[in-house]
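Undergrad: Please see the structure below; I have some questions.
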Amino acid sequence: MREETGVPEPGATLASVRTDRPADGVVVLRVSGELDTSSADELAKPLRDTLVAGVRAVVVDLLEVRFLGSAGLEALVTGSKRATELDVPLVLVAAGRAVLRPIEATGLTSVFTIVDTVEDALTKVGAA
């Protein structure tokens with residue numbers, strides 16, 4: 001990041017995803033940064049790669065996401081559809097306005113299961 005402007009360097013990754021496996025068949029994707037058109041694939045690809053046969057549950061931790069744009073929402077909706085096809089619970093962890101406001105404004109609260117903490121998500125999927 002350029003200190004004088006606060007603008008990311010060209011080619012800098014705006015979002016990142018770390019994968020944890022706290023229990024057998026349970027995956028937690030810990031997302032940080034900004035999910036917009038240029039960075040939504042940073043979530044879409046790991047989500048797609050995670051939602052496969054044999055996975056019991058997927059938790060997407062969005063607590064460190066600073067911005068959630070339409071492309072990020074699309075990645076989450078696509079993941080939710082795939083999870084439904086596989087009959088795999090998909091739980092979002094979100095507490096901040098940067099994530100909750102776009103979900104609420106687009107009417108997607110009924111599409112997702114949203115909880116406040118990763119611990120609550122793991123309890124919800126029976127992995128706590």
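No value in this document is a laboratory result; all are computed from the given coordinates. It should be emphasised that the depicted structure is a prediction, and the values quoted were computed from it without experimental measurement. Here Cβ is always computed from backbone atoms with ideal geometry, including for glycine, and neighbour counts include all displayed protein chains.
Undergrad: Just want to confirm a number: the relative contact order over segment 15-124, from Cα pairs under 8 angstrom separated by 6+ residues, in percent. Present the calculation step by step, with values, prior to reporting the outcome.
TA: On the way: 200 pairs, mean separation 27.2, N = 110.
Relative contact order here is 25 percent.
Undergrad: Listing LEU29, LEU108, LEU92 from the residue with the fewest other Cβ atoms within 10 Å to the one with the most, what is the order? Kindly include the intermediate steps, with their values, before the conclusion.
TA: Values: LEU29 20, LEU108 16, LEU92 23.
The order, fewest Cβ neighbours first, is LEU108, LEU29, LEU92.
Undergrad: Whose amide H sits under 5 Å from the amide H of VAL91, counting only residues 5 or more places off or on another chain, with H placed in the peptide plane?
TA: Counting only residues 5 or more places away or on other chains, the set is VAL58, VAL59, VAL60.
Undergrad: How would VAL52, VAL28 line up from fewest to most surrounding beta-carbon atoms within 10 angstrom? Spell out each step's value before the answer.
TA: Numbers: VAL52 11, VAL28 23.
Final ranking by Cβ density, sparse to dense: VAL52, VAL28.
Undergrad: In the chain, what % of DSSP beta bridges are antiparallel (nearest 5)?
TA: Values: 7 of 23 bridges.
Taking every DSSP beta bridge within the chain, about 30 percent pair in antiparallel fashion.
Undergrad: Karplus couplings for segment 107-120 from phi (6.51 cos²θ - 1.76 cosθ + 1.60, θ = phi - 60°), rounded to Hz, Gly and Pro as x?
TA: So the Karplus estimates, Gly and Pro as x, are x, 8, 4, 7, 7, 10, 8, 10, 10, 8, 9, 5, 4, 4 Hz.
Undergrad: On to the next question. Out of the trypsin sites (Lys or Arg not before Pro) in segment 29-120, which ones are loop residues according to DSSP with at most 14 other C-beta atoms within 10 Å?
TA: Working: sites: ARG30, ARG48, ARG56, ARG66, LYS81, ARG82, ARG97; in loops: ARG56.
Qualifying residues, ordered by number: ARG56.
Undergrad: Moving on. How big is D for segment 15-124, in µm² s⁻¹ as a whole number, if Stokes-Einstein is applied with the Kirkwood radius of its Cα pairs at 10 °C and 1.306 mPa s?
TA: On the way: Rh = 13.5 Å.
Estimated diffusion coefficient is 118 µm²/s.
Undergrad: Please list, in order along segment 89-102, the HN-Hα scalar couplings obtained from phi with the Karplus expression 6.51 cos²θ - 1.76 cosθ + 1.60 (θ = phi - 60°), rounded to whole Hz, x for Gly and Pro.
TA: Taking θ as phi minus 60°, the curve returns x, 10, 10, 9, 10, 8, 9, x, 4, 4, 9, 5, 4, x Hz for segment 89-102.
Undergrad: Give me, ordered by chain and number, the residues 5 or more places off LEU14 or on other chains with an amide H under 5 Å from its own placed amide H.
TA: The list, which skips near neighbours in sequence, is empty: none.
Undergrad: Once phi is turned into ³J(HN,Hα) by the Karplus curve 6.51 cos²θ - 1.76 cosθ + 1.60 with θ = phi - 60°, what whole-Hz value does each residue of segment 44-55 show in order, with x for glycine and proline?
TA: Listing the rounded values in order: 4, 5, x, 5, 4, 5, 7, 7, 10, 4, x, 7 Hz.
Undergrad: Rank these for me by crowding, VAL59, VAL125, going from fewest to most other beta carbons within 10 Å.
TA: Details: VAL59 25, VAL125 20.
If I rank by nearby Cβ atoms, fewest first, I get VAL125, VAL59.
Undergrad: Now a separate question. Please compute the length gained on full extension between GLU104 and SER16, using 0.36 nm multiplied by the number of residues separating them and subtracting their Cα-Cα distance.
TA: On the way: separation 88, 0.36 × 88 = 31.68 nm, distance 2.34 nm.
Stretched out fully, the GLU104 to SER16 stretch lengthens by 29.3 nm.
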